[in-house]
Structures are given as C-alpha cells and as structure tokens.
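Before any comments, here is the structure.
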Amino acid sequence: MKTANGFQIIEMFEQFSPKQYAMEGDPIGLHVGQLNKPVTKVMIALDVLEKVVDEAIECGVELIIAHHPLIYRPLKKIDTTVAGGRIIEKLIKHDIAVYAAHTNLDVAKGGVNDLLADALQLQDIEVLIPTHETALKKLVVYVPKADEQKIREALGKAGAGAVGNYSYCSFSGEGTGRFLPGEGSEPAIGSLGKLEAVAEVRVETIFPENIEKKVLSAMIKAHPYEEVAYDIYKLENKGESLGLGKIGVLAEEMSLEQFSEHVKQTLDVDKVRVVGDLHSPIKKVAVLGGDGNKYFTTAKFKGADVYVTGDMYYHTAHDAMMIGLNIVDPGHNVEKVMKKGVARILKEMCHERNLDVEFIPSEINTDPFRFI
C-alpha cells in the first residue's frame with residue numbers, strides 16, 4: 001500500500017464534504033499545522049479539547065479532523081498557561097494538524113444529519129432545510145467496443161450514473177474512431193504513422209460535480225488508450241437537494257414517551273429533555289444535529305410530529321408547545337455519531353486508492369453536561 005500525505009486525505013474528505021456546503025462565515029478548513037507531510041494516522045473528533053489532543057498524542061496521530069472548529073472566533077493571544085493555549089502548544093509541538101468541517105459536514109450526503117436519521121431508523125428520508133442543489137455534469141467518452149463494459153462498470157463504481165433510486169445509468173452508441181499515432185506514442189491499437197480506424201462506443205453518463213476528479217480518475221484508469229478522448233458538459237438538470245436536517249417516518253408509530261426511549265437508545269444518551277404530551281402519537285420525525293432552535297417552525301410546517309435537536313431554549317420550547325410540536329432534546333453532543341461515520345467513509349476511500357492510513361474515532365467524551 002502507498003503512503004498518503006495530509007493534502008490527499010483532505011482532498012478525499014472534501015469530495016465527500018465540500019467546503020462550499022458550509023454556511024457563510026463558518027470557520028472551516030485547516031486551523032493548526034500543515035498538510036504537506038506524510039499521514040499514517042488520522043483521529044476523527046467531535047471537539048478538540050485538551051484531553052482529545054492528549055489522546056491524539058498517545059495514539060501517534062498526525063492529523064485531527066474535527067466537526068466543531070477549534071478556533072471559532074479570532075484569537076487575541078495564545079496563553080499557554082490556560083487550556084486553550086496549551087491545546088495549540090501541544091498540537092504544534094507534536095506536529096499534529098487540525099482540520100475542521102462544521103456545517104459542510106452537517107449538509108453533506110452521509111454527514112452528521114444523515115447519520116442521525118439512520119441511527120433513529122427513519123425511512124423515506126428528505127432534507128429538512130434545503131441549502132444546496134448539486135450541480136450535474138455529463139461525461140461522454142469514446143472507447144473500443146471490447147472495453148465498453150469495463151468503462152461503464154468503472155464509472156458506475158465511482159458514483160457516476162446515479163439518477164434518483166437508480167445507479168450505473170448510462171447510454172451507448174456505436175461508431176468509428178480514427179487516429180494517427182505519432183512519434184513517441186505507444187498506441188494500444190494501431191501502428192506508428194498509420195491512420196487507424198477502430199470500432200468504438202460512445203458512452204454517456206452523468207455525475208454530481210463534486211465527484212468529478214474521482215469519476216475521471218476511474219475512467220482513465222480503466223481506459224485502454226494512452227490518450228483518452230472525452231467531453232464534459234455542464235447540465236441544467238436539477239441535481240440532488242442537500243441541506244440542514246432530515247425528516248422521515250418511523251416504521252411503526254410510537255408514543256412520545258416510547259420515542260424518547262428510542263432516542264436514548266439509538267443515540268447513546270442517558271437522558272433527554274422532552275416537550276409535549278408523552279401520550280402523543282409519533283410517526284413523522286424531523287432531526288437536526290446541534291442547535292436547531294431557529295428551524296422548529298420548518299419542522300412543524302413539513303408535518304413532523306416531533307423535532308429532535310439540541311440546545312433547545314426555554315422560550316422556544318414554549319413556542320413549540322403553542323404550535324403543537326413535540327420536542328426531544330438529546331443534547332448537542334449526539335453529533336458524536338460523526339466520529340465513527342466519518343472514519344468509516346474515509347477508510348473506504350483510502351482502501352479504494354490503496355493508501356495506508358488508519359482512522360481512529362476519538363474515545364474521549366466531550367459532553368460538558370452531566371445529569372445528577
């Protein structure tokens with residue numbers, strides 16, 4: 001297997017969770033250190049607290065990918081006599097880089113809110129608050145007829161050809177490709193200085209623009225030609241809707257009390273705060289990781305029986321009661337679901353690229369609250 005560097009790791013991560021998905025002003029990206037170095041161990045963390053940094057040092061980690069930004073507001077000083085300063089001092093001394101992915105990871109397909117919806121076992125899941133629409137592109141590539149199937153499989157495996165609930169969608173048309181191999185070329189078909197005519201297939205497919213590099217890399221790797229002939233077109237077709245939060249339905253209706261227990265078990269929390277009649281029937285569920293106070297009316301408008309979110313304010317809870325929306329607040333820390341989820345996704349991406357990188361979910365509990 002090959003050794004990776006920090007740039008490669010973050011490039012892969014940003015294919016999955018692009019920076020452009022982040023809300024305006026969100027301080028995402030590299031916070032401490034550098035990426036131009038070999039990386040063999042990456043820690044995935046919810047928060048970058050001093051205990052998390054100590055854990056990373058003990059594990060020999062070179063890079064931390066965190067959900068919550070370490071430097072959320074501009075620093076006026078770095079005082080190493082206090083925890084905030086010591087964190088940065090330890091990171092620099094041990095050459096550990098910190099990269100933050102906040103609201104872009106909330107929005108990303110397979111990100112925080114998808115992971116929460118999956119954990120709650122929701123079905124027929126849709127976006128709660130749309131913020132982005134994935135731009136689509138069309139790829140047209142010309143390939144010898146004998147290699148058509150190989151190309152279509154490579155493109156589909158890379159994520160091209162996804163249309164709704166269908167995958168590996170493509171179109172093929174037969175024709176004749178012509179080329180003249182020049183000096184210095186090493187043609188897979190034909191001879192130097194001789195005009196060649198080959199029975200070829202035009203393969204067409206679509207893909208979301210954020211995976212363009214992955215799709216092209218897979219195509220070129222599978223293609224037999226030294227120089228691949230292909231075209232890319234921007235499309236006006238609407239792509240997949242992305243955004244904050246998810247809304248879906250439970251397989252079976254529960255009471256609010258039963259659903260509250262379900263939240264505790266599936267999201268691994270000891271206690272939850274509940275707003276509403278415990279006997280209320282719950283079927284349709286909205287969920288938004290972190291602080292979802294300003295979106296409770298959207299959850300109600302979209303027909304949710306209950307809204308699962310953290311940091312619910314006292315007066316917002318009253319407002320929710322007045323419009324008949326039940327609330328289950330499991331706390332902000334349930335976003336910890338991203339640690340194993342992101343580690344799994346990046347592990348799979350590195351395996352595809354034959355990169356030797358270990359991804360370690362932080363085991364430190366960073367929830368500041370305790371119920372006594």
Exercise for the section: Pairs to check: Lys150/Lys347; Lys109/Lys157; Lys37/Lys339; Lys19/Lys300; Lys271/Lys302; Lys109/Lys339. Give those whose C-alpha atoms are more than 19 Å from each other in this structure. Expected result: Lys150/Lys347; Lys37/Lys339; Lys19/Lys300; Lys271/Lys302
Problem - Mean projection area, nm², convex hull over Cα of the range 123-220 - result: 8.0 nm²
Fill in the blank from the handout: Ordered by number, the trypsin sites (Lys or Arg not before Pro) in the range 1-89 that occupy a DSSP loop and have at most 11 other Cβ atoms within 10 Å are Lys76, Lys77
Fill in the blank from the handout: Dividing the mean separation of Cα pairs under 8 Å (6+ apart) by the residue count of the range 210-324 yields a relative contact order in percent of 22 percent
Practice task
Using label points projected 7 Å from each Cα along Cα→Cβ, tell me how many nm separate Ala197 and Thr266, to one decimal.
Solution key: 6.2 nm
Fill in the blank from the handout: Here, Val82 and Glu50, labelled 7 Å along Cα→Cβ, have an inter-label distance in nm of 1.2 nm
Problem - Computed accessible area, Thr297, all protein chains, 1.4 angstrom probe, square angstrom - result: 70 Å²
Exercise for the section: May I ask you to order 182-189, 272-279, 100-107, 337-344 by the average number of other C-beta atoms within 10 Å around their residues, highest value first? Expected result: 100-107, 337-344, 272-279, 182-189
Exercise for the section: Could you tell me the convex hull volume per residue, in Å³, taken over the Cα atoms of the range 178-287? Expected result: 198 Å³
Handout entry: Relative contact order for the chain, counting Cα pairs under 8 Å that sit 6 or more residues apart, in percent
Key = 20 percent
Fill in the blank from the handout: Here the averaged projected area of the range 250-372, based on the convex hull of its alpha-carbon atoms and given in nm², is 9.5 nm²
Completion exercise
Computed curve, the chain, Cα-only Debye sum without solvent term, log₁₀ I(q)/I(0) at 0.06, 0.11 Å⁻¹, is -0.30, -0.87
Completion exercise
Normalised Cα Rg of the range 69-191, dividing by 2.2 N^0.38 Å with N its residue count, works out at 1.83
Exercise for the section: Sum up the charges of everything whose Cβ sits under 12 Å from the Cβ of Ile28, counting Lys and Arg as +1 and Asp and Glu as -1, but leave Ile28 out. Expected result: -3
Practice task
Please report, as a whole percent, how much of the solvent-accessible surface of the range 165-284 comes from carbon and sulfur atoms (probe radius 1.4 Å).
Solution key: 47 percent
Practice task
Quote the convex hull volume per residue of the range 12-149, based on C-alpha atoms, as a whole number of Å³.
Solution key: 199 Å³
Completion exercise
Expressed in angstrom, Rg and Dmax over the Cα atoms of the range 56-134 are 17.2, 51
Fill in the blank from the handout: Between Asn36 and Thr366, the FRET efficiency computed from the C-beta separation at R0 = 30 Å comes out, to the nearest 0.05, as 0.55
Practice task
Please report, to one decimal in angstroms, the Kirkwood hydrodynamic radius of the range 209-258 built from all distinct Cα-Cα pairs.
Solution key: 15.9 Å
Completion exercise
Quick numbers on the range 1-47, Rg and Dmax over C-alpha atoms in Å, give 12.0, 39
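The values are calculated or read from the model by the stated rules, or taken from the named source; none is laboratory data. Just so it is clear, the structure is predicted and the values come from calculations on it, not from any experiment. A quick note on method: Cβ atoms are made from the backbone with ideal geometry, for glycine too, and the neighbour counts reach across all protein chains shown. Accessible surface is based on the protein model in full, side chains and every heavy atom, while ligands, DNA and RNA are left aside. Shrake-Rupley method; radii C 1.70, N 1.55, O 1.52, S 1.80 Å.
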